[in-house]
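Working notes, structure below.
The values are calculated or read from the model by the stated rules, or taken from the named source; none is laboratory data. Keep in mind that this is a model prediction, so the values were computed, not measured. Note that each Cβ is placed from the backbone with ideal geometry, even for glycine, and that neighbours are counted across all protein chains shown.
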Amino acid sequence: MANPDRLSGLDAAFLELERGGAHMHVASVMTFEGSPPSYEELFEAIGDRLHLVPRYRQKLARVPLGLGRPVWVDDPSFNLLYHLRHTALPQPGSNAQLAALAARIFASRLDRSKPLWEIYLVEGLEPAADGTERFAVIAKTHHALVDGISGVDITAVLFSTAQDAAPVGPPASPWAPRPQPTEGELVAGVIQDGLSDPLAPVRATSRMLRDPSSAVGRLAEKLEVTGSLLISSTGAAPDTPLNRRIGSHRRYGWVNAPLELFKEIKNGLEGTINDAVLTTVALGLGRWLRRRGVDTDGLVLRTMVPVSVRTTEEQGGLGNQVSALWAPLPVGEADPSVAFRAVRDAMGDLKSSDQALGAETITEIAGFAPPTIASQAAKLQARQRLFNLTVTNVPGPQTPLYLVGRRMTAIYPVVPLSEKTALGVAVMSYCGRLCFGLLADYDAMPDLGDVVEDFEAAMFELALAAETTRQPTPVRERHLSQTAVTPGTVSYAEA
């Protein structure tokens, strides 16, 4: 039986993609109302729940000579003090300072010699407009540990749906790390997993390289997808300012709007909330590109949109069960109604094309490849410009969540940047709000604040096109360094 603690092909690929300035962690910035808990209080709350997510006490072990994918093993030196960190913002503790802190945290790579996650308790956040105290929590987890869609399930371990939730029951027995596997045992595990013939994937890869069209054709036939669909998704995406080799520093910004607004947009324009989200990104980036001097006439960007392929039985499991759609973004279309229809029709075609299933099967093939081949494939992918940016849209809970009795007021997600994508847009709904988090390369996008404002303007345009009356902002604060503070705009910061 296969080793259940071995990384999948996709999870291992995330490790290989982590090179240069690219860091493959997902993250979030969460704000809460009320006085912050003490470090000891939060430490105890998380410690009491760790037995519910045993992976959070595990680290990666490499197989000698790269004969197999890494495995998860218990960390005998696990110490929650390392993973739970405590910091405070300097006065006045603005949203801009919080975003700047988050950008610095997101810019650093997780230590692979330890379990791949960190949580920061952030004090010193300025009060809300009504004077209510606030604090923040910043979480960072490697993509190989949990994917951005099923990861929502894990928050149920750390958060409760009631302010006075009952304590979590203790584990059946105290945690004790399992013995570390020896190098011989790691190699034996590869053999047990049926990977004892390293030449088999080499031969398969060699055949595919000699006759790629027939290999793609067989895959397409299996999936009942045309070969042209698969081939069309592997050509180069348009060359834009979004596609520059990134460095190690980041900028981060956010904007949120009522979920009801997006429901009115999708109802008025006859589509889905995801159509409205993607059109917001298309309209916003179109404005930004034109301001950058880019000719957007007829320009259509290619966006990677992750989708879950996890079955109902697999919900709650750790590890990635995701695939991707290559969604077109009509950034050259300034008319919001026309742009929305273009996105809606394209997404409808993609969903009926089984493109996600095709990508899932390609991922399964990656699971067969030994790490040496997977590493080379990751390097090849990094050199290609397969897409312009990633946009994720994750449905979150619509009832309040509480952390040690304090209500969460907002959650701004983060999607990682690959080597040649300078912007990632992550969207998550929570408690009647739709929260956009924008992570950008520091050097490639010094004007991220303008992009955030462009997104807000796009929401207004879509609202007007759908003949809605609700405005897309109750929280509109702007804090731009070296810029006058202007009430009535979005939150943005850089670091």
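Residue pairs whose Cβ atoms lie under 7 Å apart, sitting 6 or more positions apart in sequence or on different chains, and linking a residue in region 162-189 that is assigned to a loop (DSSP other than H, G, I, E, B) to a partner that is surrounded by fewer than 13 Cβ atoms within 10 Å (Cβ to Cβ), are P177/P76; Q180/P76. So, P170, is that one surrounded by 13 or more Cβ atoms within 10 Å (Cβ to Cβ) and modelled with pLDDT of 50 or more or not? Criteria not met by P170.
Of the residues making up region 77-100, those that are of a type outside the set (S, T, N, Q), surrounded by 17 or more Cβ atoms within 10 Å (Cβ to Cβ) and within 17 Å of A139 (Cα to Cα) number 6. Suppose we keep only residues that are aromatic (F, W, Y) and out of contact with any helix residue (DSSP H, G or I) (no Cβ under 9 Å at 6 or more places or on another chain) within region 15-58. Which one would you say is surrounded by the fewest Cβ atoms within 10 Å (Cβ to Cβ)? Ranking the qualifying residues of region 15-58, first place goes to Y39.
If the condition is being buried (at least 24 other Cβ atoms within 10 Å of the Cβ) and either in contact with a Ser or Thr (Cβ under 6 Å, 6 or more places away or on another chain) or not in a loop (DSSP other than H, G, I, E, B) (or both), then region 436-450 contributes F436, G437, L438, L439, A440, D441, L448, G449.
Report the residue count in region 232-281 for those that are aliphatic (A, V, I, L, M), assigned to a loop (DSSP other than H, G, I, E, B) and over 20 Å from P306 (Cβ atoms). Give the derivation first.
Taking region 232-281 first, the residues aliphatic (A, V, I, L, M) are 236-237, 242, 246, 255, 257, 259, 261, 265, 269, 273, 276-278, 281.
The next check asks that each one be assigned to a loop (DSSP other than H, G, I, E, B); those that pass are 236-237, 242, 246, 269.
Checking which are over 20 Å from P306 (Cβ atoms) leaves us with 236, 269.
Counting residues in region 232-281 that are aliphatic (A, V, I, L, M), assigned to a loop (DSSP other than H, G, I, E, B) and over 20 Å from P306 (Cβ atoms) gives 2.
For region 49-95, what are the residues that are aromatic (F, W, Y) and more than 27 Å from A165 (Cβ to Cβ)? Result: W72, single match. Being touching a His at 6+ places or on another chain (Cβ under 6 Å), in contact (Cβ under 8 Å) with a residue 24 or more places away in the chain and farther than 29 Å from D193 by Cα is the requirement here; does Y82 meet it? So Y82 does not fit the description; no.
Helices (runs of 4 or more DSSP H) fully within region 1-119 that include at least 3 residues being at pLDDT below 90: 9-16. A single member of L98, L89, L67 is in contact (Cβ under 8 Å) with a residue 40 or more places away in the chain and under 26 Å from G437 (Cβ atoms), and it is L98.
Condition test on R69, is it farther than 30 Å from R244 by Cβ, basic (K, R) and over 22 Å from the mean Cα position of the chain (by Cα)? Judged against the criteria, R69 is a match.
Could you say whether any residue in region 377-389 is part of a strand (DSSP E or B), in contact with a Leu (Cβ under 8 Å, 6 or more places away or on another chain), farther than 24 Å from I119 by Cα and modelled with pLDDT of 90 or more? Even if it seems obvious, please write down each step before you answer.
Taking region 377-389 first, the residues part of a strand (DSSP E or B) are 389.
Now drop any that are not in contact with a Leu (Cβ under 8 Å, 6 or more places away or on another chain), which leaves 389.
Now narrow it down to the ones that are farther than 24 Å from I119 by Cα: 389.
Filter again for modelled with pLDDT of 90 or more, leaving 389.
Yes: one or more hits.
Can you tell me how many residues within region 394-418 are within 18 Å of L434 (Cβ to Cβ) and surrounded by fewer than 24 Cβ atoms within 10 Å (Cβ to Cβ)? Break it down stepwise before answering.
So in region 394-418, the residues within 18 Å of L434 (Cβ to Cβ) come out as 394-401, 408-415.
Adding the requirement that they be surrounded by fewer than 24 Cβ atoms within 10 Å (Cβ to Cβ) leaves 394-401, 408-410.
Selection size over region 394-418: 11.
Taking each residue of region 265-278 that is of a type in the set (D, E, K, R) and looking for partners that are assigned to a loop (DSSP other than H, G, I, E, B) with beta-carbon atoms closer than 6 Å, six or more apart or interchain, yields K266/T272.
The rows are residues; the columns are (1) at pLDDT 95 or above; (2) surrounded by fewer than 21 Cβ atoms within 10 Å (Cβ to Cβ); (3) not acidic (D, E).
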residue: Y252; (1), (2), (3): yes, no, yes
residue: N256; (1), (2), (3): no, no, yes
residue: G284; (1), (2), (3): yes, no, yes
residue: R290; (1), (2), (3): yes, yes, yes
residue: V294; (1), (2), (3): yes, yes, yes
residue: V300; (1), (2), (3): yes, yes, yes
residue: S308; (1), (2), (3): no, yes, yes
residue: G316; (1), (2), (3): no, yes, yes
